[in-house]
1. Given the DSSP H assignment, sum -39500 (n - 2.57) over each helix run of at least 4 residues in chain B and divide by its residue total; what's the result at 222 nm in deg cm²/dmol, nearest 500?
2. In the protein assembly as shown, with Lys and Arg counted as +1 and Asp and Glu as -1 at Cβ, which of these residues, B:599, B:497, B:251, has the Cα nearest the positive end of the dipole, that is, farthest along it?
3. Answer rounded, prolate or oblate for chain A, using the Cα gyration tensor with square roots of eigenvalues a ≥ b ≥ c: rounded when a/c is under 1.5, else prolate when a/b is larger than b/c, else oblate.
4. Just add up the charged neighbours of residue B:241: K/R +1, D/E -1, any other residue whose Cβ is under 15 Å from the Cβ of residue B:241.
5. Applying 1/(1 + (r/R0)^6) with R0 = 45 Å to the Cβ-Cβ distance of residue B:403 and residue A:87, what FRET efficiency is obtained, to the nearest 0.05?
6. Among the DSSP beta bridges whose two residues both lie in chain A, what percent are antiparallel, rounded to the nearest 5?
7. Which whole number gives the average count of other chain Cβ atoms within 10 Å of the Cβ atoms across peptide B:596-602?
8. In debye, nearest 20, what is the charge dipole magnitude of chain B about its Cα centre with +1 on Lys and Arg Cβ and -1 on Asp and Glu Cβ, if you could check?
Amino acid sequence: MTKEQENIMAKPKIATTSLAGCFGCHMSILDIDDRILELVELVDFDKSPINDIKEFTGECLVGLVEGGCANEENVRVLQDFRKHCKILISVGDCAINGGLPAMRNTISLQECLDEAYLNGPSTQNTSGKIPNDPEIPLLLDKVYPCHEVVKVDYHLPGCPPPADTIWEALVALLTNKPLDLPYELIKYD
Amino acid sequence: MSENLESVVKTICEGFSNEKSRMMDIVREVQENFGGVSDDAMDLIAKQVQTPRVEVESVVSFYAFLSKEQHGNVVISLCDDIIDRMFGFERIKGVFNEALGIDVGETTEDGSITLETAPCIGMCDQAPAVMVNNEIFTEVSGDTVTEIVEQLRDGVAPERLRRRLGDGNNSNPLVSAAVSNNIRKEDEVIFAPLTCGNALKKAIAMSPNEVIRDIKTARLRGRGGAGFPTGMKWDFTRGAQGEKKFVICNADEGEPGTFKDRVILTERPQLLIEGMVIAGYAIGAEEGIIYLRGEYNYLRPYLEDTLQKARNSNMLGTNVMGKEGFNFDIRIQMGAGAYVCGEETALISSCEGLRGDPKNRPPFPAQKGYLGYPTSVNNVETFCCVARILDQGAGWFSQIGSKGSTGTKLLSISGDCRRPGVYEVPFGIKMTEVLEMAGGEGAAAVQVGGPSGQMIGPDDFERTICYDDLATGGALMIFGPKRDLLEVVEYFMEFFIEESCGYCTPCRVGNVLLKQRLQKIMEGKGEPSDLAYLEDLGNSVKSTSRCGLGQTSANPILSTLKNFRPLYEALVKEDQPFQPTFDIQKALGVAKGIAGRSSMHFAE
């Protein structure tokens, strides 16, 4: 088989990540239950917390991004996803709007750190210092939604989006069919 | 807590019978007395009128003229609308900054003078304008600023500051304002000579239904901008169930670029009052309220005096003009600097002593309005038309103007033209004619109807001003070829963001997003899909907002996208499909400073 034929025969690949999120959207992905067996028939997983592959091994068709960008590592990972994924999807409200982490956006970074590590009523920090190990990624001045950092192709709203919504969206993409989500799957109030 | 505060607050509340529906008046007076409504004062007011404290605070925090923080005894408000920006706002702001040693939003160290900005104070034809407490200064130069500050420093009270009094009643001792009427064209409805009482006499000789029939025959439509048929509104109010009924005059002229009501209130308040009394007679009301915008407080003594004279001649009071059983009186309700209160249901909330939140409709005010009673809210100019219709006849009125829009319209014209001011013109006049009259022939754009209206270009100048074509409450802002129209749009969006009451999401959030995307385009970072985004979001804001403010707040963007699309297209880069606004180095700046190290992922 030529390389090209191999590519055509190979299953498309999918990658997922959680940036400044709570992994709730990943839980929702797992909530597709036994359909995950159908999913592995359709795709292979590349970089993802589900299989614990840390770095991309090649090009992917779809990247699912949970969470917005709160620190420099989030930005690097997101840019990496953009580079390797043909289609990038913001999954859930944190990726789309910044979500709960973005509640700090109206407060200065210094104030946030002071409250978290020095002055908070429940803070126990005998060192009296704000953690500053070189391994800790620097925080951004505020939390950014993904589409402000890179081009995002689709948005799946919800906190988290229901498993059925994620499933329907993925299947539509992978089978090249138009996505037709029933009202119940995109209504959140 | 000082005893003085306690006793003064008590006296003020008692002055309004401890009535919580008079909260606006109570907090305004407390603010005037103490330069702010402090936490203590709010507690005292709440106790005195027996209402939860939050009711007081919600009012204090809502209105621009009210504040919890202590202001100086003198508050200087620089009018910051687009026209003032075009005619020297920055320059005079700079002179104030330097002379006072403070920036906007600050109070001098001795606590005596506070510097603020205010959206349009209704003086666009004589910009730049400044308010010093209740006193207005127009066409302000750097020298005027220096002179004002020097006198204030010498202890001169704002009402005694030197000024050149304006024409007409602006020189009346009760007004004594440095404001010009700039009436450029008079016609036969509003500015024709006035004989007080004729219209009212004719009205009370008829039955109320006959009065309403006359208004219908004249085909009078509301002058505030929406153009609802006045006769129909009165019919609904008259027919609605209610122990009492109310007539409210909307004199909250807050639409930037509009100032014609100010001139009516200065020169023809008698006509307005007569129109209100006729409305009271027609719908069966005994009480009327003039909701006067806070910026026009300088007109209040004169209006109170005019009302008193009307009482003395029995145009107000019991058995008005000898009509047995017809009693009617009017009070003035002062606003406190909130644009949304020009929306009739928000205006009613404000009259009731609440935040200026719009109410759900239905029920419409004609069914359940002020304090739950059937209420007719009409514009200042509408009441004036009513009085003329009763005096001169519905037939006479309906001959003026065009078929669907009878009568004359007052236009407030400002911006890049040689003769800004107020023009009374018959409906159906072409924009080209208006521009010629005002000396604005070379206009690149005209904003019709203020920020909530639409911006049109030369292609549309052959269109006519009437309800069926270019509908307007009267504001026309003219922009010459050298103006950056997108900057104008940006200002308008800023205005709506500031003035949104915050109740519904499309207006509170949507306008912020619209402005952000507009700014992205203006910075040259636009991509083709941004225009579709603006249109899409703009239409959502328009169709899903709760009140008239929100429903029209996207118009600056939507109307320029329609009429001035090349301006946007020139800034949008076709070849670069994604233009991030995100700048990693900028976003990391603060953290790098705090951590004292550089980024491990992104080298500078």
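1. Calculated mean residue ellipticity at 222 nm is -12500 deg cm²/dmol.
2. Among B:599, B:497, B:251, the one farthest towards the positive end of the dipole of the protein assembly as shown is B:251.
3. Because a/c hits 1.5 or more and a/b exceeds b/c, chain A counts as prolate.
4. +2
5. So, using R0 = 45 Å, E works out to roughly 0.20.
6. Of the beta bridges lying entirely in chain A, close to 20 percent run antiparallel.
7. The mean count of partner-chain Cβ atoms within 10 Å per residue comes to 5.
8. Once rounded to the nearest 20, the dipole reads 1700 debye.
Quick note: the coordinates plus some simple rules give every number you see, no bench work behind them. Given the structure is predicted, the values throughout are model-derived calculations rather than measurements. Note that we place each Cβ from the backbone using ideal geometry, even for glycine, and neighbour counts take in every protein chain shown.
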